[in-house]
Amino acid sequence: MKRPAVLGIGNEYRGDDAAGLLVVRALRAAGAVQGWDLLELSGEGAGLIDAWEDRPCVVLVDAVALAGLPAGTVLRYDDPASLPPDTELRCSSHAFGVGAALALAEVLGRLPPVLVLYGINGQAFAQGATMTPAVDDAAARVAADIAQAIREKEWNAHA
Amino acid sequence: MTEPTAPGEGQATRVIEVDYLARVEGEGALYVRTEGDRVAQVDFKIFEPPRFFEAFLRGRRHDEAPDITARICGICPVAYQMSSVHAMEDALGITIDGPLRELRRLLYCGEWIESHALHVYMLHAPDFLGFQDAVQMAQAHPGVLERGLGLKKAGNLIGQLLGGREVHPINVRVGGFYRVPTRKELASLHDPLSRALDAARETVRWVRGLPFPEFERDYEFVALRHPHEYPFCEGRLVSSRGLDIAVSEYPTQFAEQHVARSNALHSRLAARVAAGEPGHYLVGPLARYNLNADRLGPIAAEAAHDAGLAPGCRNPFKSILARAVELVFACEEALRVIDAYTPPPLPHVAGELRAGVGHGCTEAPRGILYHRYELNADGTIADAVIVPPTSQNQATIEDDLRALLATRLALPDAELQWQCEQAIRNYDPCISCATHFLKLEVDRR
């Protein structure tokens, strides 16, 4: 069995899409998470299934685009099935993205025992876009939240 | 999708609009207008943002280009790195050979395996079997999807070892690699790649049984061709109609043309345009196979033969078969490199900075990817040009759709839309390399 992991997903040249990467980098810089792997991924779905294979617990952080919510809004889902069906995970612009990976892994029985999703709502996703300050702030909050949860062994029974 | 609008006098008028094309890398738009039983207009639109990366690279150090351009696409970062380093090495007069060259071929094998497995199993096969997507297909055929995921994982193992990490490889540099693997490290890939080779051969046997629509067109195929090898990074640019040029001649033989309806540039063969022809051409697995079938390894050649795939295939729906044969080739070639490997004395070759121009063209999974850089004397980038394969296939995709629609206008809107999407997916268009956002609209008047 591999170690538990935080997977930050995104493209750093597409503005708010980089939110997941920032969270992982903040955790790494703070040295706040021992015993966990911190990975940066593009969000290509089949690769995601590989990345979470054999891990007892995975925390996945991605930018989302939810109409009607302000940029920087943080959503947390402790059960992938509770994701609103119309949630647009930004990497769904890839052919086989995060949403497809979750659905396929569920069908094949390849979801990790514990999977927690953080979505950070963004608004600027064009190539070369500047990150929205509220998204930048939200990434820091999510990193702190994950660090605290790990510190308090919130997912310890599994990790 | 909207409902058909009111028909005009003696004409069926319908509008089909789809917000995005599923299972296409990135997003763009397709607009189709029909008048009665005639296809009046087909526009495959790419909403290309300002050519961000070309502008972004200007003023950056030459050795930053491989890592920056690798971020253009999450599916084919190695292709961008390889075209980039070859162009830089061309500008600086650096030649790579021996084990370093072999390791680059191995890294490219990994990317082809990953990308082709993804496209064959997750994106394209569901079309042929009538499933909405890979998830639905997995419910009926879980073992098939597991085989695809296993193949993809084998490609990923190569990327992790040689690229330094599984996405956006960071180990590639101008002149070679930052670190090269030991013989023992590389040998650890032998067994997984052997199993992948078996799975790839099974893939060809499975794909050959898919129902291929009857459809052919007279394409001009364009690909790299090397004297001895199935092409990855080197060779001359050749076509099925006699083009045979050095990569450095690309800017004079291929013309990028701005099309008003799209922010992207369409590529044309300049000589054809000068002769009054459209100059459209096709790049990718079908072109590579048709122009290089005699360069496949023996196992891949046997797989192609057994599958009934022969040079001269002009059915774009059989691109999935060419892709499956290339999966076999990539596994076969990876094993050849792994088994023969002796580490080079140094992980990279040094070169002196100088002003100059360099060209690089390599075979991305979707077809040729051209890079051109102009360097200042201090090694900073004065100018950059990047032409991804999807831009080059864009006009041919439109031609396919025009021909396909002409014989299928009687189909209901939903089925017509489905066939259009399948035809576009023949090209595995990596639209995020050239653009983002894809919408489909069929306007019947």
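The values are calculated or read from the model by the stated rules, or taken from the named source; none is laboratory data. Everything quoted here is computed from the prediction, not taken from an experiment. FYI the Cβ positions are ideal-geometry reconstructions off the backbone, even for glycines, and counts take in every protein chain you see. With ligands, DNA and RNA removed, areas are computed over all heavy atoms of the protein, side chains included. Shrake-Rupley method; radii C 1.70, N 1.55, O 1.52, S 1.80 Å.
Taking residues in the stretch B:106-121 that are within 16 Å of residue B:325 (Cβ to Cβ) and small (Gly, Ala, Ser), and partners anywhere that are open to solvent by 10 Å² or more (accessible area, probe 1.4 Å) and modelled with pLDDT under 95, the pairs with Cβ atoms closer than 7 Å and at least 6 places apart or on different chains are B:115/B:75. Of the residues B:179, B:183, the single one that is out of contact with any helix residue (DSSP H, G or I) (no Cβ under 6 Å at 6 or more places or on another chain) and modelled with pLDDT under 95 is B:179.
Looking across the stretch A:93-118, the residues that are more than 9 Å from every other protein chain (Cβ to nearest Cβ), surrounded by 24 or more Cβ atoms within 10 Å (Cβ to Cβ) and farther than 15 Å from residue A:11 by Cα come down to A:101, A:118. When the stretch B:127-164 is filtered for residues that are under 30 Å from residue B:347 (Cβ atoms) and either at the interface with chain A (Cβ under 8 Å from one of its Cβ atoms) or in contact (Cβ under 8 Å) with a residue 24 or more places away in the chain (or both), the ones remaining, listed by number, are B:151, B:152, B:153, B:154, B:155, B:156, B:157, B:158, B:159, B:161, B:162, B:163. When we screen A:43, A:20, A:15, A:35 for residues that are modelled with pLDDT under 95 and surrounded by fewer than 20 Cβ atoms within 10 Å (Cβ to Cβ), the only hit is A:35.
Inside the stretch B:265-301, residues that are under 23 Å from residue B:44 (Cα atoms) and either open to solvent by 10 Å² or more (accessible area, probe 1.4 Å) or part of a helix (DSSP H, G or I) (or both) make up a count of 12. Taking the stretch B:362-382 as the range and being in a strand (DSSP E or B), more than 11 Å from residue B:58 (Cα to Cα) and open to solvent by 30 Å² or more (accessible area, probe 1.4 Å) as the test, only B:372 passes. Scanning the stretch A:123-139 for residues that are away from every other protein chain (no Cβ under 14 Å) and either open to solvent by less than 30 Å² (accessible area, probe 1.4 Å) or touching a His at 6+ places or on another chain (Cβ under 8 Å) (or both) yields A:132, A:135, A:138, A:139.
One residue alone among B:4, B:49 is part of a loop (DSSP other than H, G, I, E, B), open to solvent by less than 50 Å² (accessible area, probe 1.4 Å) and modelled with pLDDT under 95, and that residue is B:49. Listed by first and then second residue, the pairs with beta-carbon distance under 7 Å, at least 6 apart or on different chains, first residue in the stretch B:180-195 and farther than 19 Å from residue B:100 by Cβ and open to solvent by less than 70 Å² (accessible area, probe 1.4 Å), second at pLDDT below 95 and in a helix (DSSP H, G or I), are B:192/B:157.
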